[in-house]
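Notes to accompany the following structure.
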Amino acid sequence: MKGLTTAAAAARLAQAGPNALPERGPDPLWRRFVRQFASPLIYILLFALAFDLGLWLYEGARGWPLEASAISLILLFNAALGLYQEQRSESAMAELKSLAGAQAWVLRDGQLVHVPTPELVPGDWVRLEAGDRVPADGTIVDVHGAMVDESILTGESLAVEKADGDEAFSGTLVIRGRTYLEITRTGAASAMGRLATMLGDIQAAKTPLERRVDQLGRQIARWVLALAGGLGLIGVLGEGLAHAPEMIIFAVALAVAAVPEGLPAVLTVALSLGVERMARHRAVVRRLSAVEALGSVSVIATDKTGTLTESRMDVRSLDVADLPLALKAIVLANDADLATGAGDLLELGLLRHAQSHGVDIHQLRHAHAIVDERPFDSTWKFSRVTVREDGDRLASYLKGAPEVLLGRCALGDDDRESWREKADAYAHEGFRVLAIAWAEGRAEEHLSLLGLALFWDPPREEVPVAMASALAAGIRVVMITGDHPATALAVARLVGIPGVRVLTGEDLDRYEGATLVDALTEVNVFARVRPEQKLQIVEALQAQGQIVAMTGDGVNDAPALKRSDVGVAMGQRGSDVSREVADIVLLDDNFATIVRAIEEGRSIYENIQKFLRFLFSTNLSEVLLVASGALLAFSLDIRSGDGSLMLPLTAAQILWINLITDGTPALALAFDRTPGVMQQPPRPAASPLLDRPSVRFVIWAGSMKALLALALLGLVPWLGYSLDEARAVTFHFMAVGQLLLTYPSRHTWMHPLPNRYLHLAVAAGVGIQLAVANMPVASGLLGHAAIRWELWGVVLGGALLALGLAEVAARLAWRHHERGSTTR
C-alpha cells in the first residue's frame, strides 16, 4: 500500500475540490445591519426617533431636529459597533473552526501523514481506528475487526461488521477495530457531505447569558416606558397643552437615557474577546454557552494520561524471563507506526523500546503474517494478534491489564500471586504496568506469561501549579483513569490531588444511587474505570449540585462529555466523536489549559458585572436627577429665562450624555483583567446578573451622584450665576462624573490590572466634553452649554468628589465580602 503521491493528490484536489459541502455564504451587509436593531431596548430608541421626527414634521420642519439627530447617532453607533463585532466574531469562529477541524492519517508517497479531512481526494488510502468518523465514501481494505455505526444514515442502532471490499460512507463512525479506506467519493458527491458541519461547526445559538440579558432588556424596557409615560403625563398636566410637545420630547429623552442600549454590544465584545484569548491559550471554544458555564465550574473530572502527565509512555524496563520473545510479542501485538507516529502512545513506546534493543520492526512484521486478531477494548482490557510462524504453525501474542492476563495464564496460585504483588508494587511507584503473554494457536486462555512492561509517564511540569490554582479557586479536581489504582494514586499525589482513597470500576458497580453520591464526597481518584462509568460519575456529581467540566478522548467518552456541563475533548489524541460532542477542544491536551479557560470564563463574567454596575449606576443617577428635579421645578414653579419650566437637563443634554458615556468607556471595561477571580469560589449557575454587592453599589453610587447634581443646581445660583449656567454646570458634571465612574465600577474586593483602553476612552471623553463647551455651534445645540472658566473648577471638583464617594460606596458594598466566600 503506497497510496497517492503528493503531486497526484494535489492535482485531484484541484479537480474534485475540497472534501466538504460548500457553506452557505454570509448574509448581505444590509441584512446584517438591520439585524442590529432587533432588541427591545433598541425598539424604544426607534420609537423615540419616529416620534421626534413626526413632531418635527408636524411643526413644519422648522430648525434642525436636534433630539432626533442625537438618537440617530446613538442608534448608528451601536449598530456599527454590533456589526463590527459580529464580523470579527465570525472571523474568529472560522479560524477556531479550522483549528478544531478533523484530520486523518493518509498514505501519501508510501508514508502515513496527518492531513486535514477537507484535503482528502478520491484514491487516498485513509487509516481508520475506533472513534474515527469515516471522512468520505470509500471501499474497506485490509480490515481488522472493524465495526461501523451507520445509524446516522440508516437509523439502525446495531453496528455493522465490515469485510474487505465493503463500502463505508462519510459521517459513519468506526466503533471497534481498524481498517484502511480507499476513498471513492468526497465532498458533495459523498453519501452525506456534511463533514465540516458535523465536526467543526461552532454553534451560533444564543447562550443562556445572552437570553438572560435579553430578558433583562425587556424588563427594563417596560419600566422605562412606564417612567417616561408618567413624567410626560405629569409635564403635560402641569404645563398645559401649549408645552406638551416639549414635555413629551423630554420624557422620550429620559427614556433614551435610561435604556442600556450598549448592553448587547458589550456582551458580544466580552464573549468574543474571551474566545480569542482562550484560543491563544490553546483552548478552542466550539459552543459559546461553554464560556459562561466555565465561570461556574466546581468540579474538573480529568483523565490522567496526556492531561496530567506528559503522555510520553516510555518503557522504563521489561521484567521478563525471555527478553527476545517478549520483544517479539510487543512488536507483533502492536499496530502503531513508529515512522509516522500513528497509533496509540503506549504502543509507540513499546516499539521504541524494541528498536532500542536492535529489533528490526519491519522485517519482524513482514515475516509474521497476521491471521487473526482481537483489538483492544475497554470491555476485555487486552489485545491479541495471531500470526503465522514457521510453516503453518500459528502463535498468539497478547498484552493487557495484569489483573486480566494473569487470570488467563497457566500459573500456579503462588506464582500468580507473586506476579500480582509485583504489578502492585510497580504501580505504587507510579509506573503504568502492562502484562505480556503468548500461546500456541489462537488461544486466549492457558497462556504462557512472558512478564511485565513498565511505563513511566511523568507529570507535566506546569500541572502542580495549575492544580494549586484550581483548588484555591474552590474547584474540586477528580482523576478518572483506566490505570491501576496504585499508579493513579501515585500520580495524584505527585500533581497535588488530595485524598488517600481510590475507587475502582468494580467498586462503582457495587454502588447505586445515593450510596454512590455519598461515596463521591470522599473520593477524588477513580481507577480501572470503564468509559461508560464516566457517565455514572458525572451524573452522581451533578446530583450533588456540582457544575462539572469533563475531559475525554475516546469514542465511549462521548456520553459523559455530552452530559457534563462543559465537555472538554483532547485535540491531539482525541477521537473525532469526542470532539463532536465537546464544548471545548484542548489543542495541547493539557490540564493547565483547562484551568486557564476557567479563569477566562470567570473574567468574562466579572467584566460583564463591571459594565452592568457602571451602566445601571449612571443611568440611575440620570433618572433620579431628572425625575426629582422635574418634580421640584413643578412644585416650586422654577422657570428659565424664556419662561419654560426649568428642568435639570434638556433633552439634547440627556442624549449627549448617553452618547459620550455609554459607548467606548463602557466597551473598554471588556478589556479588564482581574487576577483575583481565581481566589473566590465558583459562581452558582443560577446567580443573578447583578449580585447583591453590585446592587448595593448601583443604588448608593447612583443616588449619591444624583444628590450631588441637585446640590450643584442649587449651589451655582447661590454663587450668583444664572439658572441656565447652573444647568450647564450640572450637564458637564453629569458627563464628566459618569466617565470617571467607570473606575469605581471596576472595584470589588479584587483589584483589576491597569486598563490603558479605559484610560484612553475616559481621557478622550473628557476632552470632547471640554471641546463641545467651547464650540459656539455645539454649545448652542446643547442648551447653551458654554460656561465660564471658573465654573470648570466646580465641575471638576464635583466630579472628583463623586469619584471619591463612589469609591467609598464600592468599599462599603463589599465590606462583608471576604476572600474565599461568595455572596452570589
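The values are calculated or read from the model by the stated rules, or taken from the named source; none is laboratory data. As the structure is a prediction and not an experimental result, all values here were calculated from the model. Neighbour counts are summed over all protein chains in view; Cβ atoms, including those assigned to glycine, are modelled from backbone coordinates with ideal geometry. All accessible areas refer to the heavy atoms of the entire protein, side chains included, with ligands and DNA or RNA removed. Shrake-Rupley method; radii C 1.70, N 1.55, O 1.52, S 1.80 Å.
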Answer with yes or no whether Pro118 is assigned to a helix (DSSP H, G or I), at pLDDT 85 or above and not aromatic (Phe, Trp, Tyr).
-> yes
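Here's the yes/no breakdown for (1) open to solvent by 10 Å² or more (accessible area, probe 1.4 Å); (2) modelled with pLDDT under 80:
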{"position": "Leu254", "(1), (2)": "no, yes"}
{"position": "Ala279", "(1), (2)": "yes, no"}
{"position": "Ala283", "(1), (2)": "no, no"}
{"position": "Val299", "(1), (2)": "no, no"}
Within the group Leu308, Leu273, Leu294, Leu231, which residue is at pLDDT 70 or above and open to solvent by 10 Å² or more (accessible area, probe 1.4 Å)?
-> Leu273
Selected residue [within 22 Å of the chain's Cα centre (by Cα) and modelled with pLDDT of 90 or more] from Ser469, Ser448 = Ser469
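Residues that are under 26 Å from Leu346 (Cα atoms), at least 2 per element: which strands (runs of 3 or more DSSP E) completely within the stretch 274-332 meet that?
Because the criterion is at least 2 residues that are under 26 Å from Leu346 (Cα atoms), the strands (runs of 3 or more DSSP E) in the stretch 274-332 that meet it are 299-302, 314-320.
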Please go through the stretch 762-796 and pick out each residue that is in contact (Cβ under 8 Å) with a residue 60 or more places away in the chain, of a type in the set (Gly, Ala, Ser) and under 15 Å from Asp724 (Cα atoms).
-> Gly783, Ala785
Condition set small (Gly, Ala, Ser) and surrounded by fewer than 16 Cβ atoms within 10 Å (Cβ to Cβ), scope the stretch 741-780, selection nearest to Glu807 (Cα to Cα): answer is Ala763
Among Ala701, Ala711, which is the only one that is farther than 20 Å from Leu263 by Cβ, of a type outside the set (D, E, K, R) and over 30 Å from the mean Cα position of the chain (by Cα)?
-> Ala711
Filter the stretch 370-386 for residues that are open to solvent by less than 30 Å² (accessible area, probe 1.4 Å) and out of contact with any Gly (no Cβ under 8 Å at 6 or more places or on another chain); which is farthest from Arg530 (Cα to Cα)?
-> Val385
Inspect the stretch 545-562 for any residue being surrounded by 22 or more Cβ atoms within 10 Å (Cβ to Cβ), among the β-branched types (Val, Ile, Thr), assigned to a strand (DSSP E or B) and in contact (Cβ under 8 Å) with a residue 40 or more places away in the chain and give the result as yes or no.
-> yes
Out of all the residues in the stretch 155-173, which are at pLDDT below 85 and surrounded by 19 or more Cβ atoms within 10 Å (Cβ to Cβ)?
-> Ser170, Gly171, Thr172, Leu173
By residue number, the members of the stretch 402-424 that are open to solvent by 10 Å² or more (accessible area, probe 1.4 Å), among the hydrophobic types (A, V, I, L, M, F, W, C) and closer than 20 Å to Pro485 by Cβ are Val404, Trp419
Please indicate, with yes or no, whether at least one residue in the stretch 719-731 is more than 16 Å from Gln653 (Cβ to Cβ), in contact (Cβ under 8 Å) with a residue 12 or more places away in the chain, out of contact with any Leu (no Cβ under 6 Å at 6 or more places or on another chain) and buried (at least 23 other Cβ atoms within 10 Å of the Cβ).
-> no
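State all residues of the stretch 329-345 that are under 18 Å from Val433 (Cα atoms) and surrounded by fewer than 21 Cβ atoms within 10 Å (Cβ to Cβ); if no residue qualifies, say none.
Residues satisfying the conditions are Asp344, Leu345.
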Run down Gly391, Gly358 and say which single residue is at pLDDT 90 or above and open to solvent by 50 Å² or more (accessible area, probe 1.4 Å).
-> Gly358
